[in-house]
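Please read the structure below before turning to the comments.
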Amino acid sequence: MAFEPVLFRPHTPYVNHLADNENRAVVFNADALQASARRLYGRDDVVLAFDGPRPATPQDGEMWLSVLDLARAQQQAGLLSNDLVRASLFRLLTVTLLDTFRLLGDRPALHASAARQQTIHRIAVDYYFHDYASLPITIDDAAAAAGVATRELVAAFRASHPDDAAPTAYLRTVRLAAALDDLRNGDPTRGDTVTEISQRWGFTSPSRFAALFRATYGLTPGQVLRS
């Protein structure tokens, strides 16, 4: 039996005739969904008003059902107790919902704004942060590389990460991962030290570096260097 998803909008009456049906529902908080839509499109004027209860295309409806199956599988596996998994799933459901059931308004403009957010994020991540993490760059430099203001770069990161990660936090994560590689390849007998490696990647406070490292990897930098 084929399933077709239907969007039930608040304060909108519906009449349904159901017989021998299996019903599955995902309930969204309207305020949270609108906030996610504004982050996704990078526009503060987006209003959560849909143009109808049915998917824009049959293919969109099939995609929504696939994502719903994934959500159900993660729930049954007990994965939703993990904050990161839950946040990632919420973002996936939100983005898919907005693709499946279209908002009222200028659709090309909304899609263009979403595509712009993705482009800004990709340039900053793929062509700047990873390539220049060893240099004393800032998020202002990354914004300039993407051809946007710093405020727009921050908005693009908020739209692209379920945990609203800021570009400063992302750059720190990249540098922390690079420091991990250097510690793994380091040799204390050659004179490699935790302090020298951490400073190489822009961490000026040894205690702060050690705390971030342990919180991320579960080991101290010294343990990795000596292993």
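Rolling a 1.4 Å probe over the heavy atoms of the protein chains gives the chain an accessible area of 60 Å² per residue. Restricting the calculation to Cα atoms, every distinct pair contributes to the Kirkwood radius of the chain, found to be 20.7 Å.
Calculation over all alpha carbon pairs of the stretch 1-133 in 5 angstrom steps from 0 returns a P(r) of 2, 8, 16, 19, 19, 16, 11, 6, 2, 1, 1, 0, 0 percent.
Per the Kirkwood treatment, what hydrodynamic radius in Å, one decimal, follows for the stretch 109-170 from the mean inverse distance over all distinct Cα pairs?
By the Kirkwood definition, the hydrodynamic radius is 11.5 Å.
Contact order, relative form, for the chain: 18 percent (alpha carbon pairs under 8 Å, 6 or more residues apart, mean separation divided by residue count). Approximating the spin labels as points 7 Å out from Cα along Cα→Cβ, the ASP131-to-GLU196 distance works out to 3.0 nm. Each listed q (0.22 Å⁻¹) maps to a log10 I(q)/I(0) for the stretch 181-227 from the Debye sum over equal C-alpha point scatterers, namely -0.70.
Computed extension length for ARG226-ALA166: 18.3 nm, one decimal, from 0.36 nm per residue of separation with the Cα-Cα distance subtracted.
Using R0 = 35 Å, the C-beta based FRET efficiency linking ASP187 and ARG72 works out to 0.10.
A run of the chain free of exposed loop cleavage sites, with chymotrypsin sites (Phe, Trp or Tyr not before Pro) counted only in DSSP states other than H, G, I, E and B and at most 12 other beta carbons within 10 Å, reaches its longest extent at 15-227.
The ARG214 and LEU80 beta-carbon pair, evaluated with R₀ = 22 Å, returns a calculated FRET efficiency of approximately 0.25. Within the accessible surface of the chain, defined with a 1.4 Å probe on protein heavy atoms only, the carbon and sulfur portion equals 53 percent.
The values are calculated or read from the model by the stated rules, or taken from the named source; none is laboratory data. As the structure is a computational prediction, the values presented were derived from the model and not from experiment. Here the Cβ is made from the backbone with ideal geometry for all residues, glycine too, and neighbour counts use every protein chain on show. What goes into the accessible areas is simple: the full protein's heavy atoms, side chains included, and nothing from ligands, DNA or RNA. Shrake-Rupley method; radii C 1.70, N 1.55, O 1.52, S 1.80 Å.
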